[in-house]
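Report on one structure; see the data block that follows.
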Amino acid sequence: MLKDKLFKNFSDKELRLKFSAINDEEKMRDCIERCLKLYPIKGKKVAIETGTYHGLSTALLADYFDEVHTFDIPKEKGGYYISSDIKYRIWDYLGIQEKIYFHLIKDDKEKEEILKTIRYDFAFIDGNHATGCKIDFKLLNSCGRILFHDYNPEKRYGFYLTIYNFINSLDNIVYKKPPFALWIKKK
């Protein structure tokens, strides 16, 4: 497992697993594997991630995809990005740096412009929890496969409620394994 591998070289304080999707690594892997088995991707597999933070889920995505583009917005502009080299150290340690493209952007408009230049097959939405879920879904749903993080039926308050209500408003949620929900565009 990725967590075990990382703990050989990094401390819990550095990794801040409490805030990462890989805190539920087995569930995240199950959702991705289910998606790729039921809805295979032909050729080069490219994933988009919104919300990089320390790059742990980015590293997990790199296990399944040939290329991962990950986006984050600086904290002072409303995002969660905190200047830190930890993500680069993690990616380098795992030998996946060449598969990952980190985009530090100023806003969703810039994200939209960059996305127009990338052909991608899968998206992992874990960005701004208050409003970003809806915005990112609108930007990314053309790929047909989206995995959401922080879907939690037991935590119906704050941003969890916003995410819960949004995901439950969508048609075509094919798999729920809290804190994840998988959406597939029906043909």
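The values are calculated or read from the model by the stated rules, or taken from the named source; none is laboratory data. Quick caveat, the model's predicted, so the values are computed rather than measured. Cβ: placed from backbone, ideal geometry, glycine included. Neighbour counts: every protein chain shown. When the accessible area is computed, the model is the full protein with side chains, heavy atoms only, and any ligands, DNA or RNA have been set aside. Shrake-Rupley method; radii C 1.70, N 1.55, O 1.52, S 1.80 Å.
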Over the chain, average the accessible area per residue using a 1.4 Å probe and give it in Å², no decimals.
50 Å²
Determine the distance separating the Cα centre of the stretch 112-166 from the Cα centre of the stretch 16-93; give it in Å without decimals.
13 Å
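Can you flag which of 106/176; 87/155; 42/176; 18/176 are past 23 Å Cα-Cα?
Cα-Cα > 23 Å for 106/176; 87/155; 42/176; rest within.
Given Cα pairs under 8 Å that are at least 6 residues apart, what percent is the relative contact order of the stretch 101-147?
40 percent
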Under 5 Å between amide hydrogens, which residues at least 5 positions from residue 180 or on another chain qualify, with H placed 1.01 Å from N in the peptide plane?
151
Loop only per DSSP, at most 16 neighbouring Cβ atoms within 10 Å: give me the GluC sites (Glu not before Pro) in the stretch 51-155, ordered by residue number.
154
When the helix-only estimate is applied to the chain (DSSP H runs of n ≥ 4, each -39,500 (n - 2.57), divided by the residue count), what is the mean residue ellipticity at 222 nm, nearest 500 deg cm²/dmol?
-10000 deg cm²/dmol
Of all accessible surface on the chain at a 1.4 Å probe, what whole percent is carbon and sulfur?
50 percent
Förster-model FRET efficiency, 30 Å R0, residue 13 and residue 97, C-beta, rounded to 0.05:
0.85
